[in-house]
Amino acid sequence: PLFQTDALSFVEVSLRQKTEELDQFFNVSQDLLCIASTDGYFLRLNPVWERVLGFAREELMAKRFLDFVHPDDLLRTQEAVSAQKSGQKVISFENRYRCKDGTYRWLEWNSVPAENLIFAAARDVTDQKLADQVMEERLRFERLVSEFSARFVNIAPDRVDSEIEHGLRRILTFFQVDRCALLHTLADKTTWQITHVTSAEGVPPVPLR
């Protein structure tokens with residue numbers, strides 16, 4: 001019947017328009033967008049994935065997405081997928097994904113399950129994570145130096161050397177280096193002398209003179 005044919009044509013046009021809208025949304029977004037199955041495979045990815053991770057989308061879709069997750073984040077990611085299988089949303093979840101060159105990028109995820117599908121958007125937050133780590137290490141070192149300096153307030157002269165050695169051992173551990181030394185600049189301002197030195201276990205000592 002003519003009515004049925006017109007109805008089918010309307011549905012086809014509507015589906016085509018929605019598909020084109022979805023294609024446009026996938027292609028213009030700066031986030032990593034995906035549709036995945038709850039059994040562990042990407043079904044659709046936008047082009048940003050290729051730029052961020054270096055893999056072609058076909059390579060990412062050929063393997064289970066857990067194969068790209070950092071081993072230290074695998075258990076948490078499996079738990080997040082299980083939560084989505086039971087219908088729970090996942091908000092601001094972070095894990096690391098392997099790039100084609102072997103490095104890892106931090107991704108922050110928001111995802112919503114729908115039956116056996118997962119609709120998700122991820123943002124590359126690697127630069128922010130690295131900046132936070134640098135700041136944290138700087139603050140930790142400043143606290144270490146502050147504690148080191150405080151130990152010399154009203155200290156007895158016979159304890160100075162032992163406190164310096166204690167501080168050097170802490171600095172050595174903090175930076176994870178083989179040796180750490182305290183230098184004294186001589187009167188001519190052009191030469192210096194090692195006054196105290198500490199070495200990691202198994203590293204031969206350095207003579208002070």
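The values are calculated or read from the model by the stated rules, or taken from the named source; none is laboratory data. Keep in mind the model is a prediction, meaning the values are calculated, not measured. Note that we place each Cβ from the backbone using ideal geometry, even for glycine, and neighbour counts take in every protein chain shown. Just so you know, the surface numbers come from the protein's heavy atoms only, side chains and all, with ligands and any DNA or RNA stripped out. Shrake-Rupley method; radii C 1.70, N 1.55, O 1.52, S 1.80 Å.
Summary of computed values
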| read-out | value |
| --- | --- |
| Filter result (open to solvent by less than 70 Å² (accessible area, probe 1.4 Å), closer than 20 Å to Arg44 by Cβ and of a type in the set (S, T, N, Q)) within segment 111-129 | Ser111 |
| Residues within segment 166-191 that are in contact with a strand residue (DSSP E or B) (Cβ under 6 Å, 6 or more places away or on another chain) and in contact (Cβ under 8 Å) with a residue 24 or more places away in the chain, tallied | 6 |
| Filter result for Arg57 (open to solvent by 60 Å² or more (accessible area, probe 1.4 Å) and out of contact with any Phe, Trp or Tyr (no Cβ under 8 Å at 6 or more places or on another chain)) | no |
| Test: Lys89 is of a type in the set (Lys, Arg), at pLDDT below 95, in contact with a helix residue (DSSP H, G or I) (Cβ under 9 Å, 6 or more places away or on another chain) and farther than 20 Å from Leu130 by Cα | yes |
| Filtered residues of segment 147-165 (kept if within 12 Å of Leu182 (Cβ to Cβ) and surrounded by 12 or more Cβ atoms within 10 Å (Cβ to Cβ)) | Phe148, Val160, Glu163, Ile164, Glu165 |
| Candidates Leu168, Leu139, Leu144, filtered to the one that is at negative phi, open to solvent by less than 90 Å² (accessible area, probe 1.4 Å) and touching a Ser or Thr at 6+ places or on another chain (Cβ under 9 Å) | Leu168 |
| Residue that is free of Cβ contacts under 8 Å to residues at least 40 places away in the same chain, under 18 Å from Val125 (Cα atoms) and open to solvent by 20 Å² or more (accessible area, probe 1.4 Å), where the choices are Asp67, Asp72 | Asp72 |
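Per-residue answers, yes or no, for (1) closer than 30 Å to Asn95 by Cβ; (2) touching a residue at least 60 places away in the same chain (Cβ under 8 Å); (3) not in a helix (DSSP H, G or I):
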{"residue": "Gln128", "(1), (2), (3)": "yes, no, no"}
{"residue": "Val134", "(1), (2), (3)": "yes, no, no"}
{"residue": "Glu163", "(1), (2), (3)": "no, no, no"}
{"residue": "Gln193", "(1), (2), (3)": "no, no, yes"}
{"residue": "Gly202", "(1), (2), (3)": "no, no, yes"}
